[in-house]
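*Asks:* Starting off with a structure, shown below.
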Amino acid sequence: MNKSHSFTFITRSAPYGSNRPNLCLDTALAASVFEQQVNYIFMEDGVYQLLKNQDAGSINSKTLGNILETLNLYGVENIYICADAMEERNLSADDLVISAKLISNDEFKTILLDSNTVFNL
Amino acid sequence: MNILHTVSQSPKSRLLESCLNIVSDGDAILFIEDGVYYCKREDLLEQVTNTVKCFGLKEDLIARGLQIKGESTVENASYRKFVELCVNYDKVISWF
Amino acid sequence: MKFSIVVYAAPYSSEAASTAYNFVRTLLDEGHEIYRLFFFSDGVHNANSLVATPQDETNLQHGWDKLIRNHELDSVVCVTSAIKRGIVNQQEADRHGLVAASITDSSEISGLGQLIDAALNSDRVVNFG
Amino acid sequence: MTNAPALDKEGYLQELDEWDEEVATILAQKENIDLSAAHWEIIKLLRSFYRRHQLSPATRALINLVKRELGPDKGKSVYLMKLFRGSPAKTASKIAGLPKPDNCI
């Protein structure tokens, strides 16, 4: 088994409207159990998953923002946010539950080129 | 280290626009399912076809009454070609 | 080359499951090896054996079942996706007190670790959703 | 004495609301564990983690959580295995009245 396999997860959907953010997260957590390199990138509407003050109890769901706060405990340390996505949505770092590195599209491309497997949800 | 991107929704999804933000020179794009309607959007495609090869899945084009003409910037691809593209590019990123 | 295929979509509600099926058939025709098929999210419906379709429509579940058997493919259905959608084997049916097993015999129920393992052991992973 | 709580086939509480310290003691006995202060420290940490994140941490996350909150001496798999035999993430979640952690392979 290749121990230095790198996985990149692109999550580009808003929370709650579909199960895509959860599929992406569950798969990334599974990859982290295998102790592989895991990159997690919030793109487009995916950044909405990180908004503060979510309380999805009101729609009988688990609050995704609270779960995402634990990504680093799972060993998912390379967390990135698309700078364009933040700008287009008028969001700033203060609006989010975690601090993560903002990346340009060029940095994004480099991460993809260096990855072995990419999941894009 | 180039990437094959598959795009499988119609242009109203703006999936191609998302994909183009992070496509690198030398990558390829294969339109499948409703994504093949992008093959008729020369206005969107002409900005990338110099550096990125574009293909439309033949079966999906035929099903929808779309044809790729000789002078088009998009090439027809059979399922065999789809497989060949997966082999020739280092990884596949699916946009759906 | 070694491929693994991930299917996220149910048959009939979108074209993706059918595209995946055609792609897998072509891979086999071209002599490639399939390390694993992984059915995830609504894709688990592809392994539902309790399906009837009109004679003049394709029964995709049947198609997968035949393809998996004929080529002895390793086909895994994600357990968390499957149980929520009523795709269970006898063991899971008994465990949860459900009236019947529904999964096709050719696929097995297992965890997401099988998807990661597939990625680690394949040259290419192709996703259909 | 509390009535024995309803458990699923793997021994996790069916109704998470039924948990209290007495229930924890019963659940621990089923695992042949006598709860000490060291156990309670982890159980309380797990419960407050679950309240905030609605997630039972899998092994690696549990170790990192304990390391962050209780220090590196306790944030080790040997320490946790001594307290909660088998898979510490599963056993500790069970006694703390949380759902079975996902992604435990």
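*Asks:* Return the residue satisfying two criteria in turn: it lies in the stretch C:1-23 and is of a type outside the set (A, V, I, L, M) and assigned to a strand (DSSP E or B), and of such residues it is nearest to the other protein chains (Cβ to nearest Cβ).
*Replies:* Filtering the stretch C:1-23 down to residues of a type outside the set (A, V, I, L, M) leaves C:2-4, C:8, C:11-15, C:18-19, C:21-23.
Of the ones still in play, those that are also assigned to a strand (DSSP E or B) are C:2-4.
Working: C:K2: 11, C:F3: 7, C:S4: 9 Å.
Step by step, filter the stretch C:1-23, then rank; the result is C:F3.
*Asks:* Would you be able to tell me the number of residues in the stretch A:31-52 that are open to solvent by 10 Å² or more (accessible area, probe 1.4 Å) and more than 14 Å from chain C (Cβ to nearest Cβ)?
*Replies:* Residues flagged as open to solvent by 10 Å² or more (accessible area, probe 1.4 Å) and more than 14 Å from chain C (Cβ to nearest Cβ) within the stretch A:31-52 amount to 5.
*Asks:* Continuing with the same structure: Could you look through the stretch A:86-107, keep only residues that are out of contact with any Lys or Arg (no Cβ under 8 Å at 6 or more places or on another chain) and open to solvent by less than 40 Å² (accessible area, probe 1.4 Å), and pick out the one that is nearest to the other protein chains (Cβ to nearest Cβ)?
*Replies:* Looking at the filtered set, the residue picked out is A:N105.
*Asks:* Here is a follow-up. Could you list, in sequence order, the residues of the stretch D:17-50 that are farther than 11 Å from D:I95 by Cα and part of a helix (DSSP H, G or I)?
*Replies:* Matches in the stretch D:17-50: D:D17, D:E18, D:A37, D:A38, D:E41, D:L45, D:S48, D:F49, D:Y50.
*Asks:* So which of C:V79, C:V51 ends up being within 24 Å of C:G113 (Cβ to Cβ) and β-branched (V, I, T)? Working first, answer last.
*Replies:* Values: C:V51 fails: within 24 Å of C:G113 (Cβ to Cβ).
The match here is C:V79.
*Asks:* Does the stretch C:34-42 contain any residue that is without any contact (Cβ under 8 Å) to a residue 40 or more places away in the chain and open to solvent by 20 Å² or more (accessible area, probe 1.4 Å)?
*Replies:* No: zero hits.
*Asks:* Take the residues in the stretch C:115-129 that are of a type outside the set (S, T, Y) and part of a loop (DSSP other than H, G, I, E, B), then tell me which one is nearest to the other protein chains (Cβ to nearest Cβ). Break it down stepwise before answering.
*Replies:* Just the residues of the stretch C:115-129 that are of a type outside the set (S, T, Y), to begin with: C:115-121, C:123-129.
Then drop every residue that is not part of a loop (DSSP other than H, G, I, E, B), which leaves C:123, C:129.
Details: C:D123: 8, C:G129: 4 Å.
If we take residues in the stretch C:115-129 being of a type outside the set (S, T, Y) and part of a loop (DSSP other than H, G, I, E, B), then C:G129 is nearest to the other protein chains (Cβ to nearest Cβ).
*Asks:* Looking only at residues that are assigned to a helix (DSSP H, G or I) and in contact with a Lys or Arg (Cβ under 8 Å, 6 or more places away or on another chain) in the stretch C:88-114, which one is nearest to the other protein chains (Cβ to nearest Cβ)?
*Replies:* Of everything passing the filter in the stretch C:88-114, C:R95 is nearest to the other protein chains (Cβ to nearest Cβ).
*Asks:* Continuing with this model, one more query. Report yes if C:L60 is surrounded by 15 or more Cβ atoms within 10 Å (Cβ to Cβ), more than 14 Å from chain A (Cβ to nearest Cβ) and in contact with a Pro (Cβ under 6 Å, 6 or more places away or on another chain), otherwise no.
*Replies:* Working: surrounded by 15 or more Cβ atoms within 10 Å (Cβ to Cβ): yes; more than 14 Å from chain A (Cβ to nearest Cβ): yes; in contact with a Pro (Cβ under 6 Å, 6 or more places away or on another chain): yes.
Yes; evaluated as a whole, the condition is true for this residue.
*Asks:* Right, here's the next one. Tell me which residues, restricted to the stretch A:7-24, are within 11 Å of chain C (Cβ to nearest Cβ) and open to solvent by 10 Å² or more (accessible area, probe 1.4 Å).
*Replies:* A:S18, A:N19, A:R20, A:N22, A:L23 - these are the residues of the stretch A:7-24 that are within 11 Å of chain C (Cβ to nearest Cβ) and open to solvent by 10 Å² or more (accessible area, probe 1.4 Å).
*Asks:* From the list C:A119, C:A20, pick out the single residue that is in contact with a Gly (Cβ under 9 Å, 6 or more places away or on another chain), within 20 Å of C:K2 (Cα to Cα) and of a type in the set (A, V, I, L, M, F, W, C).
*Replies:* C:A20
*Asks:* Now, a different point. Which residues, counting only those in the stretch A:53-74, are at the interface with another protein chain (Cβ under 7 Å from one of its Cβ atoms), within 12 Å of the chain's Cα centre (by Cα) and assigned to a helix (DSSP H, G or I)?
*Replies:* Of everything in the stretch A:53-74, just one residue is at the interface with another protein chain (Cβ under 7 Å from one of its Cβ atoms), within 12 Å of the chain's Cα centre (by Cα) and assigned to a helix (DSSP H, G or I), namely A:I67.
*Asks:* What number of residues in the stretch B:1-13 are touching a strand residue (DSSP E or B) at 6+ places or on another chain (Cβ under 8 Å) and either in a strand (DSSP E or B) or of a type in the set (G, A, S) (or both)?
*Replies:* The total comes to 6.
*Asks:* Say whether the condition of being facing another protein chain (nearest Cβ under 10 Å) and assigned to a loop (DSSP other than H, G, I, E, B) is met by at least one residue in the stretch D:56-72.
*Replies:* Checked against the condition, which is being facing another protein chain (nearest Cβ under 10 Å) and assigned to a loop (DSSP other than H, G, I, E, B), the stretch D:56-72 yields at least one hit.
*Asks:* Oh, and also: Can you name the condition, by its number, that C:T26 falls short on among (1) crowded, with 17+ Cβ neighbours inside 10 Å; (2) away from chain B (no Cβ under 14 Å); (3) out of contact with any Gly (no Cβ under 8 Å at 6 or more places or on another chain); (4) among the hydroxyl-bearing types (S, T, Y)?
*Replies:* Just one mismatch for C:T26, condition (2).
*Asks:* B:Y38 versus (1) touching a Ser or Thr at 6+ places or on another chain (Cβ under 7 Å); (2) open to solvent by less than 20 Å² (accessible area, probe 1.4 Å); (3) more than 13 Å from every other protein chain (Cβ to nearest Cβ); (4) hydroxyl-bearing (S, T, Y): which is the lone unmet condition?
*Replies:* Just one mismatch for B:Y38, condition (1).
*Asks:* Can you name the number of the only condition in (1) in a helix (DSSP H, G or I); (2) among the hydrophobic types (A, V, I, L, M, F, W, C); (3) closer than 21 Å to A:N22 by Cα; (4) within 12 Å of another protein chain (Cβ to nearest Cβ) that C:I83 fails?
*Replies:* Unmet condition: (4).
*Asks:* Test B:E33 against the stated conditions and say whether it is within 12 Å of chain C (Cβ to nearest Cβ) and of a type outside the set (G, A, S). Spell out how you get there, then give the answer.
*Replies:* On the way: within 12 Å of chain C (Cβ to nearest Cβ): yes; of a type outside the set (G, A, S): yes.
Criteria met by B:E33.
*Asks:* Can you tell me which residues in the stretch D:17-49 are open to solvent by 20 Å² or more (accessible area, probe 1.4 Å) and more than 23 Å from D:V78 (Cα to Cα)?
*Replies:* D:D17, D:E18, D:W19, D:D20, D:E21, D:E22, D:I26
*Asks:* When you scan the stretch B:14-96 for helices (runs of 4 or more DSSP H) that lie fully inside it, which ones turn up with 2 or more residues that are polar (S, T, N, Q)?
*Replies:* B:15-21
The values are calculated or read from the model by the stated rules, or taken from the named source; none is laboratory data. It should be emphasised that the depicted structure is a prediction, and the values quoted were computed from it without experimental measurement. Heads up, the Cβs are rebuilt from the backbone with ideal geometry, glycines too, and the neighbour counts pull from every protein chain shown. Surface areas here come from the heavy atoms of the whole protein model, side chains and all, with no ligands, DNA or RNA. Shrake-Rupley method; radii C 1.70, N 1.55, O 1.52, S 1.80 Å.
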